[in-house]
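The block underneath contains the structure these notes are about, expressed in structure tokens.
The values are calculated or read from the model by the stated rules, or taken from the named source; none is laboratory data. This structure is a prediction, so every number in the text was calculated from the model and none was measured. As a convention, Cβ positions derive from the backbone with ideal geometry for all residues, glycine included, and neighbour counts pool all protein chains shown. Note: areas computed on protein heavy atoms with side chains; ligands, DNA, RNA excluded. Shrake-Rupley method; radii C 1.70, N 1.55, O 1.52, S 1.80 Å.
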Amino acid sequence: MTRLHILALGALAGLAAFAAQGAVPAGPRLAFPVACVLGRTCEIQHYVDRDLGPGVRDYRCTTQTYQGHNGIDIRLLDMAAQRRGVDVLASAAGTVARVRDGVADISVRAPGASPVANQECGNGVAISHGGGWETQYCHMARGSIRVRPGDVVAAGAPIGRVGLSGNTEYPHLHMTVRLNGAVVDPFAPESGAGCTAQGDMWTPEARTAMTYRLGVVLNAGFAAGPVTPDQVEAGGIAPPGRSSPYIVVYARGIGLQAGDEIELELKGPDGVSLARNRAQPLDRWKAQWVTYVGKKAPVTGWTGGTYVADYRVWRQGKVAISRRFEVRL
């Protein structure tokens, strides 16, 4: 199969080429490429790294990216959502140029995972849009790809499903935009424009959906006992009942900033706080961070009613991110 992945060095070279070139010719208008709802069933995890040196910088001059990242990562909530199946959509009309399938869906951190050298993209599709423009879709589910080279696809056409193939630790779509082989940031195609407002490549609907946010809550819920990050990633954690030995609340934030203070509190049906934790400030940017707090059941068991949890991220003395969630026993 044709190699689909462009390594970090290639990403930096592509961005550098456009930084030197200046204006980028108008390209296709791009629709949101996953059949999910941002803020409900998926989130943007990373943007293109626009820093040409050892640092990292996204198009808003913050750090929602990592060294050499050459695309946009759209992340599902957990593996349970991935197993149910979420379509990857052609972001614009074009002709399928290259396809790869057959790479296993397994986290690179999993015991026994095979090396991903030369297949970092995993299962993927590349679509040509004419005029040198191309979009590439990576980490798709094995056996899910619905197109072949030469197929003509419309914008929004399903081309496969989100998976866990290639160089990834969680289910997501990685999409890269290129012009004549060089990486273009679709949020800010004029590479030399810094952090000033400029035109992007998205359709109005996609632009509205992709509001830039410095950190979000990816998962939150209740459990009957301690939870681990791997269990949160797997999904499907059973809620507690009246006879459960514990009530534990958990929340996973992504894209959290250095200095953020995470607070999580559990309240009983009477509104009285049962457990609360406010952690020390984060020492650096965190791609993801799981927080939990819990309470052991009283001898008489849990009182029936609604238990409420509040998750807050304090940033420079103000609440920057919050979510309230509840369970009824």
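Taking the stretch 267-281 as the search range and keeping residues that are over 30 Å from Leu164 (Cβ atoms) and assigned to a loop (DSSP other than H, G, I, E, B), which one is most open to solvent (accessible area, probe 1.4 Å)?
Among residues in the stretch 267-281 that are over 30 Å from Leu164 (Cβ atoms) and assigned to a loop (DSSP other than H, G, I, E, B), the one most open to solvent (accessible area, probe 1.4 Å) is Gln280.
Name the residues in the stretch 80-113 that are crowded, with 19+ Cβ neighbours inside 10 Å, touching a Gly at 6+ places or on another chain (Cβ under 6 Å) and not in a loop (DSSP other than H, G, I, E, B), would you?
Within the stretch 80-113, Val88, Leu89, Arg100, Asp105 meet the criteria.
Any residue in the stretch 143-154 that's closer than 7 Å to Val96 by Cα: show its pairings with residues that are in a loop (DSSP other than H, G, I, E, B) and open to solvent by 50 Å² or more (accessible area, probe 1.4 Å) at Cβ separation under 9 Å, as long as the two are six or more apart or on different chains.
Pro149/Thr2; Val152/Ala93
For the stretch 242-266, give me each residue that is open to solvent by 50 Å² or more (accessible area, probe 1.4 Å) and either among the hydrophobic types (A, V, I, L, M, F, W, C) or under 24 Å from Ala320 (Cα atoms) (or both).
If the condition is that a residue be open to solvent by 50 Å² or more (accessible area, probe 1.4 Å) and either among the hydrophobic types (A, V, I, L, M, F, W, C) or under 24 Å from Ala320 (Cα atoms) (or both), then Ala258, Glu261 are the ones that fit.
Being surrounded by 13 or more Cβ atoms within 10 Å (Cβ to Cβ) and either closer than 20 Å to Ser322 by Cβ or not charged (D, E, K, R) (or both) is the filter here, so list the residues in the stretch 282-299 that pass it.
Leu282, Trp285, Lys286, Ala287, Gln288, Trp289, Val290, Thr291, Tyr292, Val293, Gly294, Ala297
More than 30 Å from Gly102 (Cβ to Cβ), open to solvent by 20 Å² or more (accessible area, probe 1.4 Å) and under 21 Å from the mean Cα position of the chain (by Cα) - does that describe any residue in the stretch 215-236?
So far as the stretch 215-236 goes, yes, one or more of its residues are more than 30 Å from Gly102 (Cβ to Cβ), open to solvent by 20 Å² or more (accessible area, probe 1.4 Å) and under 21 Å from the mean Cα position of the chain (by Cα).
Just to verify a result, which residue in the stretch 162-191, among those that are out of contact with any strand residue (DSSP E or B) (no Cβ under 6 Å at 6 or more places or on another chain) and hydrophobic (A, V, I, L, M, F, W, C), is surrounded by the most Cβ atoms within 10 Å (Cβ to Cβ)?
Applying the filter and picking the extreme gives Val183.
So Ile159 ticks every box in (1) of a type outside the set (Lys, Arg); (2) open to solvent by less than 10 Å² (accessible area, probe 1.4 Å); (3) assigned to a loop (DSSP other than H, G, I, E, B) but one. Which box is left unticked?
Here Ile159 clears every test but (3).
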